[in-house]
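In what follows, a single structure is set out as structure tokens and then discussed.
The values are calculated or read from the model by the stated rules, or taken from the named source; none is laboratory data. Predicted model, so just to flag it, every value in this text is computed and none were measured. Note that we place each Cβ from the backbone using ideal geometry, even for glycine, and neighbour counts take in every protein chain shown.
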Amino acid sequence: MPKIRLAVVTDIHHGADYGTKLGESALPLLSRFRDWCAEETPELVVELGDRINNVSAEVDSRMTAEVAAAFHDFPREVVHLLGNHDCHALTVEQAEAAFNKSFRSHSRDQAGFHLVFWNACVEKHPTRGFVAAAQDIEWLEHDLAATDLPAIMCSHLPLDGGSMAGNLYFERGLSAGLGGYANSDAVRAAIEASGKVVLCIAGHTHWNALAIIDGTPYLTVPSLSEAFMSWPKPAAAWASVELGDDILVRVYGEVPVDYRLPMRRLGSHWVNKYRDYAPKPPARVVPKGR
């Protein structure tokens, strides 16, 4: 199978330090990541959103412009997604103006793979938290239906609905329950129905995580400037993702991890209907003479 190598960075959180989000370190670390990309030459760089520590519309606009400037002369093409902090006080249109790029969902075919950049809704619902909009899920269904290639799905929020036990932000407190979409099961239903998604990559939760559901790996890349796992230093994390006969992932920085995962066979599924495959009790044999 052809190979493609992606570089992934997420949750840059440029701005003033805010708790363990060491925003003052973000741009120097981004410069270090740029140098790594120049040396390692991945085919594509994917930035998964949450570029700033949001404060106000005025400050957020300035911080966003500074991050956009840092990406201006990157040695490789960069695809950007929106994170929830990016549009807390700014509109999608303001973010698009800063980067001179669209922040709408889109996809492309490259090196034998279908790359999906899912810019789904990342605005928090007042009572339900983060909810993937029906039109976002519909877009995903149509996009996956239109390809016969193995698909790689990139999103800001994780889609696996995994445990947040131990996570500084999302296990308890004001952000409890906000580690992903409240209706992530509906998103996964679209992914699983397609039978084509071989990897999902996300950010948002600031840590390493891996879940495998219906044969599809759901991978979370840590934040560039977060420090809750590496205190007092920022994690300085980014990832290399190589796709070919299998999937090789290396997370660099202060919280490194390596994954080697099999490439799932398209159209294959786990057994998920227990009633159809559950072991049946043996037939009761009545002894003769009774």
message = Taking the conditions exactly as written (among the aliphatic types (A, V, I, L, M), under 20 Å from Ile137 (Cα atoms) and not in a loop (DSSP other than H, G, I, E, B)), does Ala189 satisfy them or not?
response = yes
message = With the requirement that a residue be surrounded by fewer than 18 Cβ atoms within 10 Å (Cβ to Cβ) and part of a loop (DSSP other than H, G, I, E, B), what does region 1-39 give you?
response = Met1, Pro2, Lys3, Ala16, Asp17, Gly19
request  = For region 247-277, enumerate the residues that are of a type outside the set (Lys, Arg), surrounded by 14 or more Cβ atoms within 10 Å (Cβ to Cβ) and in a strand (DSSP E or B).
outcome  = Ile247, Leu248, Val249, Val251, Tyr252, Val257, Tyr259, Leu261
request  = Would you mention how many residues in region 55-99 are over 19 Å from Gly23 (Cβ atoms) and among the β-branched types (Val, Ile, Thr)?
outcome  = 4
inquiry  = Let me spell it out: the conditions are (1) in a helix (DSSP H, G or I); (2) under 17 Å from the mean Cα position of the chain (by Cα), and His156 meets all of them except one. Which number is the exception?
reply    = (1)
query = Which ones in region 5-50 are β-branched (Val, Ile, Thr) and under 16 Å from Val249 (Cβ atoms)?
reply = Val8, Val9, Thr10, Val45, Val46
ask   = Looking at region 43-59, which of its residues are of a type outside the set (Gly, Ala, Ser) and over 18 Å from the mean Cα position of the chain (by Cα)?
value = Glu43, Asn53, Asn54, Val55, Glu58, Val59
query = Just wondering, is there one or more residues in region 113-136 that are assigned to a strand (DSSP E or B) and aliphatic (A, V, I, L, M)?
reply = yes
query = Taking strands (runs of 3 or more DSSP E) that do not extend beyond region 40-111, which have at least 1 residues that are among the acidic types (Asp, Glu), surrounded by 15 or more Cβ atoms within 10 Å (Cβ to Cβ) and in contact with a Phe, Trp or Tyr (Cβ under 9 Å, 6 or more places away or on another chain)?
reply = 44-47
query = Filtering region 89-120 down to residues that are in contact with a helix residue (DSSP H, G or I) (Cβ under 7 Å, 6 or more places away or on another chain) and either modelled with pLDDT under 95 or charged (D, E, K, R) (or both), which residue is farthest from Lys196 (Cα to Cα)?
reply = Ala89
note = Here the residues within region 217-240 that are within 13 Å of Pro158 (Cα to Cα) and either assigned to a strand (DSSP E or B) or at pLDDT below 95 (or both) are Pro217, Tyr218, Leu219, Thr220
ask   = Within the group Ala120, Ala146, Ala70, which residue is under 26 Å from Glu39 (Cα atoms) and hydrophobic (A, V, I, L, M, F, W, C)?
value = Ala70
Subset of region 168-185 that is touching a residue at least 24 places away in the same chain (Cβ under 8 Å) and more than 25 Å from Phe117 (Cβ to Cβ) - its residue that is surrounded by the most Cβ atoms within 10 Å (Cβ to Cβ) = Leu168
key: Residue ID - farthest from Leu178 (Cα to Cα), chosen from residues in region 107-158 that are touching a Leu at 6+ places or on another chain (Cβ under 7 Å) and β-branched (Val, Ile, Thr)   = Ile152
